[in-house]
Every structure is written in structure tokens, then in C-alpha cells.
Amino acid sequence: MTIAGYFFYLFSIVLISSGAMVISARNPVHSVLFLILAFLNAAGLFVLLGAEFLAMILIIVYVGAVAVLFLFVVMMLDIDFDQLRKGMSRYLPVGILVGLVLLAELILVVGGFSVAPGAFRPVTGEQVTNTEAIGRVLYTDYLYFFQLSGLVLLVAMIGAIVLTLRHRSDSKRQNIARQVGRKREDAIEVVKVETGKGIS
């Protein structure tokens, strides 16, 4: 067995173990940390497969942004997870249905090699990197889907801002027009104070 084979089994075992710990850990902070470990090992598997671009995207986007965001949200929110687990049996049928749908999608993706073998054709005639090959496919064959996904993310970002934005009457807010239109008389007041007397 080669060194790459040993690393494959090492990354795979740690990935499966950390994935199991994500759903079995009682502390939600530990679950997020195990999720970060799972992402790092998945990135190692991508490197072994020669997909270094996907490995870097996985580390930069998911580990550097999404997982850290999960960690901060879990640590900041005071959520009673024991209370949430009590109603888990009520949502178990929905969870099983979602799991079956994801399993069907995975089967379709794996079976895509036999259904549409032309979609996985290698680039011939010239040697290009993985990043360039992904860019060519992404910005030619799937350009409209790529732009549509950007719009979906934009709508999700605007929706998150609208849902979390709260106007409070007791909070101090900056009024730019009032600051720019302020005159000297509104800002300062010259008072002549007699000697030995204060300002009443």
C-alpha cells in the first residue's frame, strides 16, 4: 500500500468518526468543533483526489466562515438543548423523509456516470488545472445557474437582515442630514458669567 493509501484511510476514519461525534455529542460547542474536524479531513481527501481547488474552498468557506459562525452562534445563544431533544420523536418521520430524499440524490449523483457519461468527459487537447477546468464549465455550461444561485444568496442575506433588524426608540442613532445641516449657533452657546457667580 502506498503512502497515499495510508493517508486515505487515516482521513476517512477520522472523517467518519468526527461525523458520528457531531450528532452524538451532548455539548453543541463540541459538535461544532467535531464538524470543523470533519471538514478538514474532507479537504484532505479532496487533495488526495487531485481536487485542490475544492479542498481550499472547503477550508476557506466552510471552516473559515460557516463553522466559525455556527460556533459563535451556539456560544452566544442560551438555548436549552435538552428541551429541544424532548420533542425529537415528534419530528422523526420528517427527518427520515429528508434523509431518504438526500439518499436518493446521492444515488442519482453516483449513477450520473452511467446516465450521462458525456458530462464527466476529460478535457483533451491541452493540459489545464482543476481550477481552470471548473471555471470553464461553471461560466459556460452552468452560467445561468451560477447567477441564479447568487441571486438566491442575495435574497437570503436581505431576508436575514430584515428579520433581525429591530428599531428601538431608546437607542441613539446617527442622523447624517442633521449633522451636516448643523449651524454654529446650534453647536455652541457663548455665556457671559459674572465674577464670583456661576451659571444658573
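The values are calculated or read from the model by the stated rules, or taken from the named source; none is laboratory data. Source: prediction; values computed, not measured. In this analysis, Cβ positions are derived from the backbone assuming ideal geometry, glycine residues included, and neighbour counts consider all displayed protein chains. Just so you know, the surface numbers come from the protein's heavy atoms only, side chains and all, with ligands and any DNA or RNA stripped out. Shrake-Rupley method; radii C 1.70, N 1.55, O 1.52, S 1.80 Å.
Rolling a 1.4 Å probe across all protein chains gives residue 194 an accessible area of roughly 120 Å². Of the whole protein surface, residue 1 contributes about 150 Å² of accessible area at a 1.4 Å probe radius. Which part of region 132-151 falls in the paramagnetic zone of residue 49, meaning amide N under 19 Å from the point 7 Å along Cα-to-beta-carbon? Flagged as within label range: 132-138. At full extension, residue 184 and residue 73 could sit 35.4 nm farther apart than now, given 0.36 nm per residue minus the alpha carbon distance.
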